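The structure appears below as structure tokens.
All of the numbers you see were taken from the coordinates with simple rules; none came from a lab. None of the values given here were measured: they were computed from a predicted structure. Reconstructed Cβ throughout: ideal geometry from the backbone, glycine too, with neighbour counts over all protein chains shown.
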Amino acid sequence: MAEKEYIERNGLLEWTREFYPEEKVFASAVINAPTADVQEVRHAEWVLQENKHPEAVCSNCGREVVYQIVNNRWEFENYCPHCGAKMDKE
Ligand SMILES: [Zn+2]
């Protein structure tokens, strides 16, 4: 089964009004469509602290985390435990 996708209501409404300006039923359906309980994904990255190993700072919330060394490599979480940001920012 395909992963669910969500559409931003105001964006769809703008599109509807631009391409179907006379179609009021469609615009009304967009306005009245039910909402889903979706949380926006924040993207961030770990910023290493120059003289404070083994600590890194979340680029989204600025809070520090301590990371671990596993098999001689720095082990980072994929998400910030403080703000929930996904660590995939390039
Ligand atoms: Zn954070």
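For the ranges 71-78, 46-53, what's the packing order if you count other beta-carbon atoms within 10 Å of each residue, average per peptide, and put the highest first?
Final packing ranking: 46-53, 71-78.
What do you get when you divide the Cα radius of gyration of the chain by 2.2 N^0.38 Å, with N the number of residues? Walk me through the numbers before you get to the answer.
Values: Rg = 20.7 Å, N = 90, 2.2 N^0.38 = 12.2 Å.
Dividing the Cα radius of gyration by 2.2 N^0.38 Å gives 1.70.
Evaluate the distance, in nm, between pseudo-label points positioned 7 Å from the Cα of TRP74 and of ASP88 along their respective Cα→Cβ axes.
Placing both labels 7 Å along Cα→Cβ, they lie 2.1 nm apart.
So how tilted is helix 9-19 from the main axis of the chain? Cα-based, degrees 0 to 90, rounded to 10.
Value to nearest ten degrees: 40.
Obtain the nm distance between the two label points defined at HIS53 and VAL66 by a simple spin-label model: each point lies 7 Å from its Cα along the Cα-to-C-beta direction.
Roughly 1.6 nm, to one decimal.
If the range 39-90 were replaced by its equivalent ellipsoid, with semi-axes equal to the square roots of 5 times the Cα gyration tensor eigenvalues, what would those be, largest first, whole Å? Intermediate results must be reported in sequence, preceding the final value.
Numbers: eigenvalues 75, 29, 16 Å².
Those come to 19, 12, 9 Å.
Quick one: what are the phi-derived ³J(HN,Hα) couplings along the range 80-88, Karplus 6.51/-1.76/1.60 with θ = phi - 60°, whole Hz, x for glycine and proline?
Coupling constants for the range 80-88: 6, x, 8, 10, x, 4, 7, 8, 9 Hz.
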